[in-house]
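All remarks here apply to the structure that follows.
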């Protein structure tokens with residue numbers, strides 16, 4: 001009888017041990033920070049608009065986009081950030097300057113295409129590329145910053161706080 005009780009007690013202890021909460025791993029990966037997740041969403045949205053027709057003054061996928069309309073639309077719909085409507089106002093807006101060698105996805109890249117003032121903006125997506133709405137008759141597209149034309153007209157970058 002004593003052996004049977006001992007066996008029952010051991011069995012009960014084993015079952016209780018199996019039913020307990022598993023030990024927690026020592027390192028639990030932290031979730032993606034909010035800003036990184038928002039920047040990622042901005043990149044996906046901007047890239048998803050590639051092929052949308054250019055339209056001067058346009059600021060929706062249905063009406064088409066000009067360069068600043070594209071930027072305003074993406075940041076408003078994805079991150080609920082209100083940016084100024086024109087490229088010059090965006091460039092003058094109080095945003096952090098970003099050196100070209102420190103660009104991150106979601107940074108705004110600015111160009112002088114008129115030889116006298118900031119006149120064009122795009123959204124940096126990484127690996128030296130940016131999304132923008134370049135000109136009448138064209139579509140939203142991806143281009144490289146080191147392209148001869150864009151490199152010559154590059155004037156700086158700003159980071160939008162997310």
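Whole number please: convex hull volume per residue of the Cα set in region 33-159, in Å³?
Once divided by residue count, the hull of region 33-159 is 100 Å³.
Could I have the simple spin-label model distance between residue 146 and residue 60, label points 7 Å from Cα toward Cβ, reported in nm to one decimal?
Here the modelled spin labels are 4.0 nm apart.
Using 0.36 nm per residue of separation minus the Cα-Cα distance, give me the extension gain between residue 89 and residue 155 in nm, one decimal.
Gain on stretching residue 89 to residue 155: 22.3 nm.
So the label point goes 7 Å from the Cα of residue 35 along Cα→C-beta, right? Which residues of region 81-99 then have their backbone N under 11 Å from it?
96
Read the figures in this text as sums done on the coordinates, not as results from a lab. As the structure is a computational prediction, the values presented were derived from the model and not from experiment. A quick note on method: Cβ atoms are made from the backbone with ideal geometry, for glycine too, and the neighbour counts reach across all protein chains shown.
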